[in-house]
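Read the figures in this text as sums done on the coordinates, not as results from a lab. Computed from a prediction, not measured in an experiment: that's the story for all the values here. As a convention, Cβ positions derive from the backbone with ideal geometry for all residues, glycine included, and neighbour counts pool all protein chains shown.
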Amino acid sequence: MALSFPIYLDNHATTRVDPRVLEAMLPYFTEHYGNAASRNHVFGWQAEEAVENAREQVRTLIGAKSPKEIIFTSGATESNNLAIKGVAYQYREKGNHIITVKTEHKAVLETCKRLEREGFEVSYIDVNKQGQVEPDDVRKAIRDKTILVSVMLCNNEIGTIQPIAEIGKITRERGVLFHTDAVQGLGRTFFDVEAMNVDLASFSAHKIYGPKGIGALYVRRNRPRVRLTPIIDGGGHEHGMRSGTLNVPGIVGFGKACAILKEEMHEENERLRMLRNRLREKLFSALEMIHLNGAEDPWRHPGNLHVSFSFVEGEALMMGIKEIAVSSGSACTSASLEPSHVLRALGVDPELAHSSIRFGIGRFNTLEEIDYVAEAVIREVNRLREMSPLYELYKEGIDYRTIQWISH
Ligand SMILES: *Cc1c(COP(=O)(O)O)cnc(C)c1O
């Protein structure tokens, strides 16, 4: 197959809508445009039926007991806000302490920061060098006043998968609610809300080949029944937890994306892992002084490769491979020049953090693309290193970090 450009390798940022998903959605923009809350005519009934069908598709993928436990939202940012603020406000009489992890997505961390300004106390747990939480650290952090633990299923930068089942055992034992931001892990690793004792879980359609602007929050209804204070008030949709007219085409697309994952995830993950390992082997056999960030299988997202290239600026490398869309591993918001909070939490040297690239391999990538990317990256890293005085010193056997620079 002929290559076409640009090559998209940023599938943790967002994914292309699968043509099968788009096809399922289209009628709900045109013929079936009813409001799912319209109870007294066929337009409403059709819309409602489509929504309930999608709810069932989401439920099946995550192993929930009832479709009523799926609350549709505008995406995972909203789901994380609803889960954490919803629990905090609902259970504030019971306690004011929340536990989360330093490498969480900003939608979790910034929500927690706001709650701190409102008088809640938040513990931000450390991770090990691979980015994993020690379940025992969660156990130790739980206090009498702890109402919620929030730990993501899979990290969006370095692809590390967290020991959710073990943490769920601990939170259930201690009677503390457990939320997980499951956006990146959904369909990429085993996930089951019942088996893992998860009480709340956030999802986003556009990370799984569905449309943007639609997501869901799983809210357990039984043992324990989780109650949430809503953050959006209105007509009382979604059991009063999330008011607002339902995004029917988006929900249909999200449901279809889940059904496809359920059917194809095992085969797809094998393929992603093969492509990822091929890229990794090519880069690591051709280049010296490069480092893998994150964990090894089975604790790694099958499509994630996060690499630091010593003596090379990540941004400069990206400029040299403009025909390839990747993400600089150093800045989580590309607007800021801060090294990412995730790499900082891993203890990656800030300089090395700025030399990092995240490759996010997805459903539509081909072997030819991976081979092209490997060659282009190797060529560009070598070119940039040839212009680097520090690399020159390194090759001469001088450790530049021990040099005493003289300033005038
Ligand atoms: C993308 C992402 C989000 C935000 O999801 P949106 O639907 O874009 O709001 C939250 N958490 C993780 C881990 C993500 O990767």
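Numerical summary
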{"quantity": "Residue ID - nearest to GLN184 (Cα to Cα), chosen from residues in the stretch 57-75 that are part of a helix (DSSP H, G or I) and within 16 Å of the ligand (Cβ to nearest atom)", "calculated": "ILE62"}
{"quantity": "Members of the stretch 175-210 found to be out of contact with any His (no Cβ under 9 Å at 6 or more places or on another chain), within 13 Å of the ligand (Cβ to nearest atom) and outside any loop (DSSP other than H, G, I, E, B), listed by number", "calculated": "HIS179, THR180, PHE203, SER204, ALA205, HIS206"}
{"quantity": "Some residue of the stretch 27-38 being assigned to a helix (DSSP H, G or I), away from the ligand (no atom under 16 Å from the Cβ) and within 27 Å of GLY235 (Cα to Cα)", "calculated": "yes"}
{"quantity": "Test: residue in the stretch 39-56 that is in a loop (DSSP other than H, G, I, E, B), of a type in the set (Asp, Glu), more than 26 Å from the chain's Cα centre (by Cα) and more than 26 Å from CYS154 (Cα to Cα)", "calculated": "no"}
{"quantity": "So LYS169, is it out of contact with any Pro (no Cβ under 6 Å at 6 or more places or on another chain), charged (D, E, K, R), outside any loop (DSSP other than H, G, I, E, B) and within 16 Å of the ligand (Cβ to nearest atom)", "calculated": "no"}
{"quantity": "Filtered residue count, the stretch 87-109, keeping only those that are in contact with a strand residue (DSSP E or B) (Cβ under 9 Å, 6 or more places away or on another chain), within 16 Å of the ligand (Cβ to nearest atom) and not polar (S, T, N, Q)", "calculated": "7"}
{"quantity": "Residue match in the stretch 250-261 (condition: touching a Pro at 6+ places or on another chain (Cβ under 6 Å), in contact (Cβ under 8 Å) with a residue 60 or more places away in the chain and surrounded by 21 or more Cβ atoms within 10 Å (Cβ to Cβ))", "calculated": "yes"}
{"quantity": "Residue among VAL122, VAL149, VAL108 that is in a helix (DSSP H, G or I) and buried (at least 19 other Cβ atoms within 10 Å of the Cβ)", "calculated": "VAL108"}
{"quantity": "Failed item, numbered, when GLU173 is tested on (1) in contact (Cβ under 8 Å) with a residue 60 or more places away in the chain; (2) within 26 Å of ILE70 (Cα to Cα); (3) out of contact with any helix residue (DSSP H, G or I) (no Cβ under 6 Å at 6 or more places or on another chain)", "calculated": "(1)"}
